[in-house]
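Trainee: Just passing along the structure, written as structure tokens.
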Amino acid sequence: MTVTMQQEADSTGLPTFVRRFTATARGARLARHFATVELADSGRLGGDGEADAVALVVAELASNAVRHGNVRGRQFEVRLTCMPEAVRVAVSDARGDRQPCARPAGDGEGGHGMRLVASLATAWGVDRRDVGKTVWADVPCGGGR
């Protein structure tokens, strides 16, 4: 179930798309679809490669929010901010105690999706919030690669 969707400008005036999803596998799939549709409709992405990169990053961060950031009864939020040469993908969940990391190849289980995110983004990080955390990644687009 989707709770909210809005297009707004963030504090810098940049176009931003925001939506909340249930912390389920279906919610993660809907998050990827949301990103693909909203950014395609906005004309922000320069080609299929850029759309695919953003979709992969949204899919990985949303999947992590469901798998590792899930608190019963809480949702996760996807925020897409269109910056001049990148789309900032920010996914917020309710668990601040579980921080993502990109582990080296062959380093056991986990962390592989964040390696994918790191390879597609110019930068990524984690911001703590009063409740939970926000994991963000800047995915180049419109000549920003």
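The values are calculated or read from the model by the stated rules, or taken from the named source; none is laboratory data. Not measured: the values here are computed from a predicted model. Please note: Cβ atoms are built from the backbone with ideal geometry, for glycine as well, and neighbour counts cover all protein chains shown.
Trainee: Those residues that are touching a Lys or Arg at 6+ places or on another chain (Cβ under 9 Å) and either under 16 Å from R128 (Cβ atoms) or part of a loop (DSSP other than H, G, I, E, B) (or both), I need them from segment 80-93; list them, please.
Mentor: E85, A90, V91, S92, D93
Trainee: Turning to a different aspect of this structure: Would you mind stating whether R79 is modelled with pLDDT of 95 or more and surrounded by fewer than 20 Cβ atoms within 10 Å (Cβ to Cβ)? Break it down stepwise before answering.
Mentor: On the way: modelled with pLDDT of 95 or more: yes; surrounded by fewer than 20 Cβ atoms within 10 Å (Cβ to Cβ): yes.
It is true that R79 is modelled with pLDDT of 95 or more and surrounded by fewer than 20 Cβ atoms within 10 Å (Cβ to Cβ).
This table checks each residue for (1) within 24 Å of G49 (Cβ to Cβ); (2) modelled with pLDDT of 95 or more; (3) not aliphatic (A, V, I, L, M).
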residue: A102; (1), (2), (3): yes, no, no
residue: A105; (1), (2), (3): yes, no, no
residue: G110; (1), (2), (3): no, no, yes
residue: D127; (1), (2), (3): no, no, yes
residue: V139; (1), (2), (3): yes, yes, no
residue: G144; (1), (2), (3): yes, no, yes
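Trainee: Further question: Considering only residues that are surrounded by 24 or more Cβ atoms within 10 Å (Cβ to Cβ) and over 12 Å from the mean Cα position of the chain (by Cα), which ones fall in segment 40-71?
Mentor: Correct list: G69 only.
Trainee: Cβ contacts < 6 Å: first residue more than 15 Å from A137 (Cβ to Cβ), restricted to segment 54-71; second residue assigned to a helix (DSSP H, G or I), any location; separation 6+ or different chain. Result?
Mentor: Every condition considered, the pairs that remain are V66/A28.
Trainee: For segment 69-77, check the following and say yes or no: at least one residue is part of a helix (DSSP H, G or I), out of contact with any Phe, Trp or Tyr (no Cβ under 9 Å at 6 or more places or on another chain) and of a type in the set (G, A, S).
Mentor: Step one: filter segment 69-77 for residues part of a helix (DSSP H, G or I), giving none.
No, the conditions are met nowhere in segment 69-77.
Trainee: Let me ask you something else. If you take the residues in segment 22-49 that are without any contact (Cβ under 8 Å) to a residue 60 or more places away in the chain and not in a helix (DSSP H, G or I), which one is nearest to R79 (Cα to Cα)?
Mentor: T22
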